[in-house]
Amino acid sequence: MNKKSRRNFIKKSSAIGAGFFIVPRNVLGGVGYTPPSDQLNLAAIGAGGKGSSDILNSSVNGRERIGALCDVDFSGSAKGTVKKFPKAKLYSDFREMLDKEKDLDAVTISTPDHVHGCAAVYAMERNKHVYVQKPITHNIKEARLLTTLARKQKVVTQMGNQGGSNPLLGMVQNWIDSGKVGKISEVKVWTNRPVWPQGIEMMKPDPSNKPDSLNWDLWLGPASDKPYTPNLHPFNWRGWWEYGTGALGDVGCHLIDIPFRTLGLKYPKDAECSVGSVYTKMWNADYFPEGCPPSSLITLNFGSTEKNDTPMQLTWTDGGIRPPHPEIIPANDDIGGPGSFNGVLMIGEKGIISTNINDSSALTPKLYLYNGETEFGPETEKMSEPEYGHQRRWVDACKAGFNSKEHLDLTSSFDYAGPMTETVLMGNLAIRSYMLRKENAKGKLDFFARKKLLWDGENMKITNLEEANQFVTRKYRAGWEI
């Protein structure tokens with residue numbers, strides 16, 4: 001009996017029995033009781049780390065059922081998730097889980113970045129709604145694929161950039177829509193990330209150190225086959241291109257989300273970058289193209305939009321490099337968030353909007369106008385539910401169905417999160433292109449790709465440097481192709 005039939009059966013049975021005796025649901029199950037027929041059957045792909053809170057928040061305080069948990073190593077932080085959901089079946093391979101647990105309705109995906117796309121495609125092809133951690137994919141082509149597939153399969157999707165559901169974004173949106181800052185021609189975004197090892201040589205494989213509890217082959221997923229390498233799992237994978245997406249992938253979907261959303265941005269027209277160098281030998285910069293650099297500067301140019309009728313340039317800096325303190329903002333005021341570690345400055349004709357990283361930190365929106373006026377949001381925020389209800393809203397939309405009001409009201413469904421993720425990952429495409437080199441006629445290695453890259457967003461193609469297009473997608477290990 002399918003879920004719709006189950007619910008209709010319950011309703012009809014209640015009506016038939018009304019002449020005999022009625023027992024209210026709250027008497028049978030307590031206040032707030034949700035009968036099994038009305039529960040979503042959820043699973044987690046990646047049950048530790050961020051996956052712990054993703055599946056916990058999706059359970060909505062036990063309102064929904066957690067039917068299965070998948071993780072490549074249940075000995076770490078995933079142990080706590082198993083303890084919270086002792087009835088859930090356990091799997092190490094999400095493909096086996098999705099093939100066996102056919103009554104699952106939806107899954108959360110909170111794996112390392114390189115597995116996001118494979119897991120989401122496998123789930124959506126089996127008509128499962130998906131909640132995928134940011135960035136939704138490891139590369140641009142995967143992001144476009146997920147966006148298209150979600151529409152085709154008519155599944156409800158949400159990316160895990162929870163700050164997108166922060167109601168204080170409405171304050172920033174109002175400042176822009178009301179014209180308080182005028183046209184915005186420049187946006188500066190920065191972060192103190194990376195806060196993990198990055199810009200260094202890849203660690204050497206050492207199979208003898210592999211924990212018995214870790215399924216290394218499944219952890220690799222679509223990445224190239226290699227022996228166990230220490231210090232990648234569970235967190236330091238972020239700094240290596242095969243698995244992670246660097247500082248941009250970690251917080252770009254929180255920070256760049258603010259101007260992308262409020263200014264109604266589309267694909268950038270071009271991208272260029274420069275990166276920080278480390279010299280451990282005189283005159284010879286260290287060269288580790290398999291890893292993300294210690295710091296970078298990315299510049300993206302956008303055309304005018306309905307919300308911002310002027311071309312706009314966005315600059316991104318990471319590695320703790322932040323923009324100069326604007327004259328309009330008092331010298332003792334932080335720019336962005338506390339300590340000025342992370343932030344966004346949106347620079348308009350009439351003033352500047354300053355905000356913090358928009359994850360679960362306080363957004364701290366501040367408006368400084370050149371006429372001396374200021375308007376500040378709260379320094380601290382009280383959330384009525386975890387992470388602004390970002391996961392709960394997705395669950396409600398899954399129950400309401402594809403194209404329902406609840407679905408259309410989601411702040412980061414793939415229709416929005418796909419193009420935004422592509423824009424974030426454009427920065428990584430620029431970085432990886434910047435590090436390309438080849439031998440010249442004199443036998444020396446030249447960095448030949450250090451130029452502005454012109455981007456055809458609709459066709460996902462760099463038009464002035466063919467070699468850069470290799471980074472639009474990736475090479476997949478046999479059996480993991482999508």
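Computed from the coordinates by the stated procedures, all read-outs in this text should not be read as laboratory data. In this text the structure is predicted, and so the values were computed from the model without any measurement. A quick note on method: Cβ atoms are made from the backbone with ideal geometry, for glycine too, and the neighbour counts reach across all protein chains shown.
For the reader, a short list of remarks on this structure follows.
- Whole-number Å³ per residue for the convex hull built on Cα positions in the range 292-416: 171
- Measuring nothing but alpha carbons in the range 135-188 and taking Rh as the Kirkwood radius, the Rg to Rh ratio lands at 1.12.
- Take every DSSP beta bridge whose two residues both sit in the chain; close to 60 percent of them are antiparallel.
- Placing +1 on each Lys and Arg Cβ and -1 on each Asp and Glu Cβ, with no other charges, gives the range 138-296 a dipole about its Cα centre of roughly 700 debye.
- For the range 104-152, average projected area of the Cα convex hull in nm²: 2.9
- Interchain or long-range residues, amide H under 5 Å from residue 199's placed H: 292
- Distant alpha-carbon pairs in the range 290-351 (separation over 13 angstrom), percent: 71
- Degrees between helix 390-400 axis and first principal axis of the chain (Cα, 0 to 90, nearest 10): 50
- Within the range 83-190, the proportion of C-alpha pairs whose separation exceeds 20 Å stands at 54%.
- Close amide H contacts of residue 223 (hydrogens built in the peptide plane, cut-off under 5 Å, sequence separation of 5 or more or a different chain): 477.
- Cleavage-rule hits, GluC sites (Glu not before Pro), the range 331-391, DSSP coil, Cβ neighbours within 10 Å at most 13: 349, 373, 379
- Each Lys and Arg adds +1 at its Cβ and each Asp and Glu adds -1 at its Cβ; summed about the Cα centre, the range 407-472 shows a dipole of about 660 debye.
- Computed magnitude of the charge dipole of the chain (debye, nearest 20; Cβ of K, R +1, Cβ of D, E -1): 1420
- Alpha-carbon Rg/Rh ratio, for the range 379-463, with Rh computed the Kirkwood way: 1.26
- Annotation note: trypsin sites (Lys or Arg not before Pro) in the range 450-481 located in DSSP loop regions with a Cβ neighbour count of at most 11 within 10 Å are 475.
- Checking every one of the chymotrypsin sites (Phe, Trp or Tyr not before Pro) in the range 345-402 against DSSP loop status and a limit of 15 other Cβ atoms within 10 Å picks out 370.
- Greater than 28 Å apart at Cα, pairs in 180/266; 451/475; 128/307; 84/399; 141/266; 128/210: 128/307; 128/210
- Counting only the Cα atoms, the range 74-130 fills a convex hull of 88 Å³ per residue.
- Across the alpha-carbon set of the range 27-132, the Rg to Rh ratio works out to 0.97, Rh being the Kirkwood radius.
- Convex hull of Cα atoms in the range 113-262, direction-averaged projection (nm²): 11.7
- Values of log10 I(q)/I(0) for the range 414-474 across q = 0.20, 0.28 Å⁻¹ run -0.77, -1.22, by the Debye formula with one identical scatterer at each alpha carbon and no solvent.
- Compactness of the chain was expressed as the Cα radius of gyration divided by 2.2 N^0.38 Å, which yields 1.04.
- Residue among 360, 418, 383 farthest towards the positive dipole end of the range 334-482, charges placed on Cβ: 418
- Relative contact order (%) - the range 359-482, alpha-carbon pairs under 8 angstrom, separation at least six: 11
- Sum of -39500 (n - 2.57) over DSSP H runs of 4+, divided by residues of the chain (222 nm, nearest 500): -7500 deg cm²/dmol
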